[in-house]
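Heads up: the structure comes next, in structure tokens.
Values in this text are rule-based calculations from the coordinates and carry no lab data. Quick caveat, the model's predicted, so the values are computed rather than measured. Every residue, glycine among them, receives a Cβ derived from its backbone with ideal geometry; neighbour counts consider all protein chains shown.
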Amino acid sequence: MKLTFNGAAGEVTGSCHHIETGGHKFLVDCGQFQGSHFIADRNYNPFGFNAAELDAVMITHAHLDHTGRVPQLIHQGFTGPLYANHATKDLTKLIWEDALGVMLYNEKKYEDPPLFHQDDIDSAWRHFKGVDYGKQIAVAESVQASFFDAGHILGSAFIRFEAEGKTVVFSGDIGNSHVPIVRETHPLGEADALVLETTYGAVSHEDPEKRIYLLQGAIVDTMKRGGVLMIPAFSLERTQEILYEMNQLVESKLIPRVPIFLDSPLAAAATEVFEKYPQYYDEAAHYLVGKGDNFFKFPGLAITKTSDESKHINDVRAPKIIIAGSGMINGGRIQHHVLRYVSDPKSMVLIVSYQAEGTIGRRLLQGAREVKIYGQTVPVHAEVRAIGAYSAHGDQNKLVRWVADAKRPPKKIFLVHGEPASRDSMEEKLKEALPGVEVYKPMVGESAEV
């Protein structure tokens, strides 16, 4: 069995892993590269394989850096099935359509050509086949795949791929521990080889039990100053987690009553998908739903879907809270709010997710004194704060524990979806936990035999 790493190798975005076995060819994920621009130039490059020769594509979860180039596959001749969990199927279509909207805007404003069009999305959607967790499916003759809950976002999965008497597990993105709504990561089980994400491979998150109090602190501090709390959040999972915990804070009267705006049509649509699949909730979320508590609706929350509704937020006097995408401030409505308020010393930008190199979010985290948005350079006087425990990715301890506790730990591990320092740190920790394990750090375009 031959693996080729076509993305997220030595970096975090662009996940795309090519498998060749017994005359068959497959992909696990086909995501966009992301950076300072919404569509990085590399997304226009050739794939490095013939899309028309693929038997099937398996998708771990809906995030754009794992699904964003799938419609291009269709455009380039792929005709096989797309396998994904049922919730991932629904969320991915939302992600594609939202991305297309941003691309069409950028085409008009900057003359950047879109990566795909609506007919590519519609065609890709018809290729989807929903998969239940734990059910083994035949993706080709003598080739099986199984999807297990990764605990990252709703519908996320790690994939167990079996062929030639060998088992290779593709982690996708492994979720953080004790996060709201989604269930804990399913045990790894048995594997001969593992393709493992390392987004936070050199990091230990804060205690997840303290996450809600850190959020409360950010809200109270900003509201006392009379400022605007801006929360750039990915529309899938992060936004829903924040709403879940804000609901608790509001109902318990632990934060002042102020206007809260969810300024994201994608997040609003994604929240409807969450409500469609309560079978994937954890026990606490199930309990709240069972007693009639809709934790996505609470006093003070307004969901702004149209551009006119979004613009109206400017007319509402501070203090107020704005949750909007994109999570890295490299596109979306959050850029307008940051442009307007980041120079205000009473306000705060609260970072709750990974920030890729070159994004505005990353520069703010690194202490930039000014940022450039829509061609305007603005000084940064607002406070910038981060809560790592809101990350949807497991930290170093979680990842190492997940691998080491496997029923039959892998003998080979390929570290992907991480920056060099994260992969180096994970390599060291894995070798300590699993003496004799072979750890590889492939780069884009490199191949390996399993």
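Side notes on the structure shown:
- Of the Cα atoms belonging to region 17-101, the radius of gyration and Dmax stand at 12.7, 40 Å.
- With R₀ fixed at 56 Å, the C-beta to C-beta distance from D308 to H186 puts the FRET efficiency at about 0.80.
- Residues W125, W96 arranged by fewest to most Cβ contacts within 10 Å: W125, W96
- Label-to-label distance, R42 versus K411, with points set 7 angstrom from Cα along the beta-carbon direction: 3.2 nm.
- Values of log10 I(q)/I(0), in the order q = 0.09, 0.11, 0.15, 0.20 Å⁻¹, for region 61-188 under a Debye, Cα-only, solvent-free model: -0.30, -0.44, -0.77, -1.14
- Mean projection area, nm², convex hull over Cα of the chain: 19.8
- Among residues other than V378 with Cβ under 13 Å from its Cβ, the summed charge is +2 (Lys and Arg +1, Asp and Glu -1).
- Highest-MSF residue in the chain out of S146, S15, S425 [GNM, Cα springs under 10 Å]: S425
- Close amide H partners of Y440, meaning residues 5 or more places away or on another chain with modelled amide H under 5 Å apart, are I413, F414, L415.
- DSSP beta bridges confined to region 208-390 are antiparallel in about 20 percent of cases.
- Region 208-390: mean projected area of Cα convex hull, nm²: 10.1
- Fewest-first ranking of K311, K441, using other Cβ atoms within 10 Å as the exposure measure: K311, K441
- Whether region 382-450 is rounded, prolate or oblate, judged on the alpha carbon gyration tensor where a/c under 1.5 counts as rounded: oblate
- Pairs of C-alpha atoms in region 186-235 farther apart than 11 Å represent 80 percent of all such pairs.
- Burial order of peptide ranges 167-177, 107-117 (average beta-carbon count within 10 Å, highest first): 167-177, 107-117
- Whole-Hz couplings from phi, Karplus 6.51/-1.76/1.60, listed for region 177-194; x for Gly and Pro: 8, 6, 8, x, 6, 7, 7, 5, 4, 5, x, 5, x, 10, 7, 7, 9, 9
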